[in-house]
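This report refers to the structure that appears directly beneath it.
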Amino acid sequence: MTVKEAAPYIGSSEYKLREMARQKQIPHYRVGNRIMFRKTSLDVWISKQEEENLREQA
């Protein structure tokens, strides 16, 4: 997935998603200068974020 495709998928702006990738806060890979995402990796990342949020609320 490109940044343009992945941003709405995770509910983020393209700018924020690029920043998260640069800071290695979200799984991604590069093809040349392009930042790319695997849908399965994003699904795992989202699940981990949900788990962390639930633990913080408890």
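The values are calculated or read from the model by the stated rules, or taken from the named source; none is laboratory data. Quick caveat: nothing in here was measured; it's all calculated off a predicted structure. When the accessible area is computed, the model is the full protein with side chains, heavy atoms only, and any ligands, DNA or RNA have been set aside. Shrake-Rupley method; radii C 1.70, N 1.55, O 1.52, S 1.80 Å.
Ordering 44, 3 from largest to smallest accessible area (1.4 angstrom probe), what's the sequence?
On the way: 44 80, 3 10 Å².
From most accessible down to least: 44, 3.
Volume of the convex hull of the chain (Cα atoms only), normalised per residue: 77 Å³.
At the residue level, residue 5 shows approximately 100 square angstrom of accessible surface with a 1.4 angstrom probe and all protein chains present.
Do you know the relative contact order of the chain, to the nearest whole percent, from alpha carbon pairs under 8 angstrom that are 6+ apart? Let's see the in-between values first.
On the way: 41 pairs, mean separation 19.2, N = 58.
Computed over the chain, the figure is 33 percent.
Full extension of the chain between residue 39 and residue 15 gives 6.8 nm of extra length, using 0.36 nm per residue less the Cα-Cα distance. Dividing the summed -39500 (n - 2.57) terms of all DSSP H runs of n ≥ 4 by the residue count of the chain sets its mean residue ellipticity at 222 nm at -19500 deg cm²/dmol.
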